[in-house]
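Novice: Please find one structure pasted underneath; my questions will follow.
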Amino acid sequence: MKPFDLRRRDFAKTAILGAAAAALPMAAHAAGPEENLIFSKDNPGHWTGKEATHTPVATAQGGMLTVRTPHPMTDDHFIVSHSVVLDGGKYLGRAVFTPKDQPVSTHMLPAGYKGKVTVTSTCNLHDFWVASITV
């Protein structure tokens, strides 16, 4: 088993790559390269039954975006990070967590932003999850 900080670095690499992939349209989901790589509430793939605790939940109020993943945090099983991508694939930000943190992050939206926001949540055991909202 790798030391904790190396596992975290590995997840950081996949989360950044996945954030770009998450900006792709998911509504007309068909089997493709993202099948069983990118998961969502509607497409949990081989992680069926894990949707409730792994799908990120985003809310926006007053120009602030809050991302929560309703997931317990233990040393062996935790949310590693959140990423946020705006409409058109514009990367907004990322938050990284340790097992001691709560998987909640806040991100300032650009002034007057209206459009799609895609958020991701990466679990150390159950991979990469995505959700979108329109603000």
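Novice: If I ask for residues that are open to solvent by 60 Å² or more (accessible area, probe 1.4 Å), in a strand (DSSP E or B) and either free of Cβ contacts under 8 Å to residues at least 60 places away in the same chain or within 21 Å of His46 (Cα to Cα) (or both), which ones from the stretch 81-126 would you list?
Specialist: Listed by number, the residues that qualify are Lys90, Val104, Thr106, Met108, Lys116.
Novice: Among the residues of the stretch 55-80, which ones are in a strand (DSSP E or B), open to solvent by less than 40 Å² (accessible area, probe 1.4 Å) and out of contact with any helix residue (DSSP H, G or I) (no Cβ under 6 Å at 6 or more places or on another chain)?
Specialist: Ala58, Leu65, Thr66, Val67, Ile79
Novice: Check Met108, Met73 and return the single one that is modelled with pLDDT of 95 or more and in contact with a Pro (Cβ under 6 Å, 6 or more places away or on another chain).
Specialist: Met73
The values are calculated or read from the model by the stated rules, or taken from the named source; none is laboratory data. What you see is a predicted model; the values in this text were computed from it and never measured. Glycine also receives a Cβ, built like all others from the backbone with ideal geometry; neighbour counts cover every protein chain displayed. Each accessible area value is taken on the protein alone, full model and side chains, heavy atoms only, with ligands, DNA and RNA left out. Shrake-Rupley method; radii C 1.70, N 1.55, O 1.52, S 1.80 Å.
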